[in-house]
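Student: There's a structure below that I have some questions on.
The values are calculated or read from the model by the stated rules, or taken from the named source; none is laboratory data. Remember, it's a predicted structure, so these values are computed and weren't measured experimentally. As a convention, Cβ positions derive from the backbone with ideal geometry for all residues, glycine included, and neighbour counts pool all protein chains shown. For accessibility, only protein heavy atoms count, side chains too; no ligands or nucleic acids. Shrake-Rupley method; radii C 1.70, N 1.55, O 1.52, S 1.80 Å.
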Amino acid sequence: MTVKIDIVSGFLGAGKTTMIKKLLDGEVLGNGIAIIENEFGDISIDSNRLEESGIEIKEISSGCICCTLSGDFQKAIKELIKEHNPNRIIIEPTGVGRLTDIISIINVIKESEDIELNMVMTIVDVLEFEDFIDVFGDFFIDQIQYANVIAISKTQLTDELRVNSVIGSIRKINSNANIIATPWDELEARDILDVVKSSILNEDTCLYDGHCCNHGHYHDHNHEDDSANTFDYYSFETMKIYSHEELAYILSSLKNPIYGKVLRAKGFLLDADRKWVDFDFTPSNYDIRKGRVKTIGQVAVIGKDLNINSIRNLFD
């Protein structure tokens, strides 16, 4: 039986894990699902968030599956197929991986395993789009150019002019991908799957506010070499208690350049009531919400030119 391979890619903090959980919770992907989770660093924040779905998860940490961990990535897929005989494997690569490299590795695996590349989805944060294009250029563009579905996240946090502007910019990079731009909480998992299915049939669809629209598109892109090694990563474990106000202050402070260019922070910590909370940070937004019980608090920060001492002092 051929195993379907789905990739849910996207830059730091875009919402990859949220999208996967939405599809899993909607029970639209069938049975026999396994996940390969690639964290950038040594603390697995996102895999902890997916564990409650009861899906078989293999973790690849402390690097990027498209470069230094290529061998581990191939081994993980082969082990999943041999040990669990899944119908579908979902791959969530680190936010600093190249989509082209991941696809190339899967094509190599196809030579020895009965697999087929199915969905290639990239999540694009509408609030960070312009900054990421400016700062990371072709590195960020690569994740957009080679997707067959592009899901724009956080559209509920901005206006239609900005959303339409980002859609237009995406179409200059990728003229064929199907686009999801409606706020995700307004969509059922089945709506998203329908867009995925039509993308595999190469239908040019843009789902915005639940409706399809057509665009004039063109494509122009030159590929240059970049490396995940341009990013810094810092993580730690703690049982320190934080009030909601303290944690909100910390996350809002991470925008300050004295900490370096913080692109993503995530984790789970104890609040003043000794309850667990999950948090996420991107430069344009942060979120603190109730979490399930954990065994220890964990924090992970990703960015460029991070001031590790200052960040640690901020959390202390």
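Student: If you average the alpha carbon positions of the range 251-270 and of the range 127-175, how far apart do those two centres end up, in angstrom?
Tutor: After rounding, the separation between the Cα centres reads 23 Å.
Student: What net charge is computed for the residues neighbouring Leu270, neighbours being all others with C-beta under 9 Å from the C-beta of Leu270, Lys and Arg scored +1, Asp and Glu -1? Write out the running numbers ahead of the final one.
Tutor: Values: positive: Lys240, Arg274, Lys275, Lys294; negative: Asp271, Asp273.
Net charge around Leu270: +2.
Student: Could you tell me the accessible area of Met239 in Å² (1.4 Å probe, neighbours in place), rounded to the nearest ten?
Tutor: 100
Student: Determine, for each peptide in 246-258, 72-84, 134-146, the mean count of other beta carbons within 10 angstrom over its residues, then list the peptides with the highest first.
Tutor: Numbers: 246-258: 14.7, 72-84: 16.5, 134-146: 19.2.
With the highest mean Cβ count within 10 Å placed first, the list reads 134-146, 72-84, 246-258.
Student: Using a simple charge model, +1 on the beta-carbon of Lys and Arg, -1 on the beta-carbon of Asp and Glu, nothing else, what dipole does the range 94-135 show about its Cα centre, in debye to the nearest 20? Can you show the working numbers first?
Tutor: Numbers: 2 positive and 10 negative charges, 32 e Å.
Dipole magnitude for the range 94-135 comes out near 160 debye.
Student: For the range 134-143, just list the computed ³J(HN,Hα) in residue order, Karplus coefficients 6.51, -1.76 and 1.60, θ = phi - 60°, integers in Hz, with x standing in for Gly and Pro.
Tutor: The phi angles translate into 5, 7, 10, x, 4, 4, 6, 4, 4, 5 Hz.
Student: Run the numbers for Arg162 and Trp276: contour at 0.36 nm per residue of separation, minus the present Cα-Cα distance, in nm.
Tutor: Values: separation 114, 0.36 × 114 = 41.04 nm, distance 3.47 nm.
So the extension gain works out to 37.6 nm.
Student: Sticking with this structure for a sec: Per residue, how much accessible area does the range 226-314 show when a 1.4 Å probe rolls over the protein heavy atoms, in square angstrom?
Tutor: Values: 4400 Å² over 89 residues.
For the range 226-314, the solvent-accessible area averages 49 Å² per residue.
Student: In this model, which of Lys240/Lys290; Lys21/Lys197; Lys82/Lys197 are farther than 21 Å apart at the alpha-carbon?
Tutor: Values: Lys240/Lys290 17 Å; Lys21/Lys197 18 Å; Lys82/Lys197 27 Å.
Over 21 Å Cα-Cα: Lys82/Lys197.
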